[in-house]
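For reference, the structure discussed in these notes is given below.
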Amino acid sequence: MTAVSSVENQSGSSSRSPLNICIVTRELYGWSEPTEAVAATIGMAQHFATQGDTVTLLCVPPFDSADNAPIAKLTDYLFGSHLIKLDVLKSCRDFLPALWGHEKASAAVYYHLKEQKFDAVYFALEGGLAYYTLLAKELGLY
């Protein structure tokens, strides 16, 4: 959510220093059906990683599909093949476990990101994961 400006280097080409980027998603290959949103998310993460940026995919799976089986496999694949770190947010220390669910995911993402340091955070508009983070940014709280 920050603007990135290009800097001219000695050869006259445009370049910038590497960024620490987070891409928040609800769906990933191996967890859900392949869709255009999944392909776009992975493609954007791969693009930033090939530019030398540090990329973290923050996956917030629906509560009922937060199976641990694909996490290790996806983590190894994404980092081994593309240098993309996978974080899976299945709970929030600020919520009781019984209160964790689909409707609390946006607030959990806000609390998680508040504790991290990223130069830019990208969200899909669908699903409402960005709601509380954008509200906090607009109010000057984040």
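The values are calculated or read from the model by the stated rules, or taken from the named source; none is laboratory data. In this text the structure is predicted, and so the values were computed from the model without any measurement. Note: ideal-geometry Cβ built from the backbone for every residue, glycine included; neighbour counts use all protein chains shown. With ligands, DNA and RNA removed, areas are computed over all heavy atoms of the protein, side chains included. Shrake-Rupley method; radii C 1.70, N 1.55, O 1.52, S 1.80 Å.
When both residues are 6+ apart or on different chains and their Cβ atoms are under 9 Å apart, which pairs have a first residue that lies in the range 29-43 and is part of a loop (DSSP other than H, G, I, E, B) and surrounded by 11 or more Cβ atoms within 10 Å (Cβ to Cβ), and a second that is at pLDDT 70 or above and of a type in the set (D, E, K, R)?
Close Cβ pairs (under 9 Å, with a partner that is at pLDDT 70 or above and of a type in the set (D, E, K, R)) amount to 30/73; 35/27.
Just one of the numbered conditions (1) open to solvent by 30 Å² or more (accessible area, probe 1.4 Å); (2) closer than 26 Å to residue 138 by Cα; (3) at pLDDT 90 or above; (4) not aromatic (Phe, Trp, Tyr) is not true of residue 23; which one?
Exception for residue 23: condition (1).
Condition first: at pLDDT 65 or above and exposed (fewer than 11 other Cβ atoms within 10 Å of the Cβ). Can you find one or more residues in the range 87-95 that meet it?
yes
Of all residues in the range 44-73, count the ones that are open to solvent by less than 70 Å² (accessible area, probe 1.4 Å), closer than 20 Å to residue 121 by Cβ and either at pLDDT below 90 or not hydrophobic (A, V, I, L, M, F, W, C) (or both).
Counting residues in the range 44-73 that are open to solvent by less than 70 Å² (accessible area, probe 1.4 Å), closer than 20 Å to residue 121 by Cβ and either at pLDDT below 90 or not hydrophobic (A, V, I, L, M, F, W, C) (or both) gives 7.
Filter the range 96-118 down to the residues that are modelled with pLDDT of 85 or more, open to solvent by 90 Å² or more (accessible area, probe 1.4 Å) and not in a helix (DSSP H, G or I) and list them by number.
115, 117
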